[in-house]
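The values are calculated or read from the model by the stated rules, or taken from the named source; none is laboratory data. Because the structure is predicted, anything quoted here is derived from the model rather than measured. Methodologically, a virtual Cβ is constructed for each residue, glycine included, from the backbone with ideal geometry; neighbour enumeration extends over all protein chains shown.
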């Protein structure tokens, strides 16, 4: 049981559970929470989207498009102990033939940044990509000024593979965009290898 943003007791739908966070599907009734996250410029400064106001209608349209996508797998990040939604994460541009995807994450609740939630959520998403979906390569981009993001991705298993130089304006100067990836052969499953296993023969 957990408490939702309005204070009501509910049972959350959870797909993957770690030590600090749990991942579950997005919910239409939480759209106002997601809208609040995306309207915080402190949140969006590290994302590719421009700092602009997001209306309820725009957020609902995003939710509907995301929910209907066959090449995106999106999860809400919940604090495990309280059940509070604190961010979102996704695999997008999933290519099942070539076994690739791109990764994204956002810790939308400012009080939950810098506490290891993003690192664990990233590791759980790699576990989902490699162990549940059978993908082989997951990549993302991170801006050079986003030091916290770089640390979290490195701890989760990502390695730098290249840069696009001086392509992001922030704080009066241009910064590099860093490309990082992780391969299934470089990753050890923390959770899902105990779920996605064949049945043992019955004696």
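Below is a table of values for the structure above.
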quantity: Any chance residue 78 is surrounded by 20 or more Cβ atoms within 10 Å (Cβ to Cβ) and under 16 Å from the mean Cα position of the chain (by Cα); calculated: yes
quantity: Residues satisfying the stated conditions in the range 5-28, i.e. at pLDDT below 95 and closer than 30 Å to residue 192 by Cα; calculated: 5, 9, 10, 11, 12
quantity: Strands (runs of 3 or more DSSP E) contained in the range 117-203 and holding at least 3 residues free of Cβ contacts under 8 Å to residues at least 24 places away in the same chain and closer than 26 Å to residue 98 by Cα; calculated: 159-170
quantity: Positions within the range 45-59 being surrounded by 14 or more Cβ atoms within 10 Å (Cβ to Cβ) and either more than 19 Å from residue 143 (Cα to Cα) or over 18 Å from the mean Cα position of the chain (by Cα) (or both), in sequence order; calculated: 54, 59
quantity: Set 42, 108: member being in contact (Cβ under 8 Å) with a residue 40 or more places away in the chain and either surrounded by 17 or more Cβ atoms within 10 Å (Cβ to Cβ) or in contact with a helix residue (DSSP H, G or I) (Cβ under 6 Å, 6 or more places away or on another chain) (or both); calculated: 108
quantity: Selection count, the range 23-39, where residues are within 18 Å of residue 65 (Cα to Cα), out of contact with any helix residue (DSSP H, G or I) (no Cβ under 8 Å at 6 or more places or on another chain) and part of a loop (DSSP other than H, G, I, E, B); calculated: 2
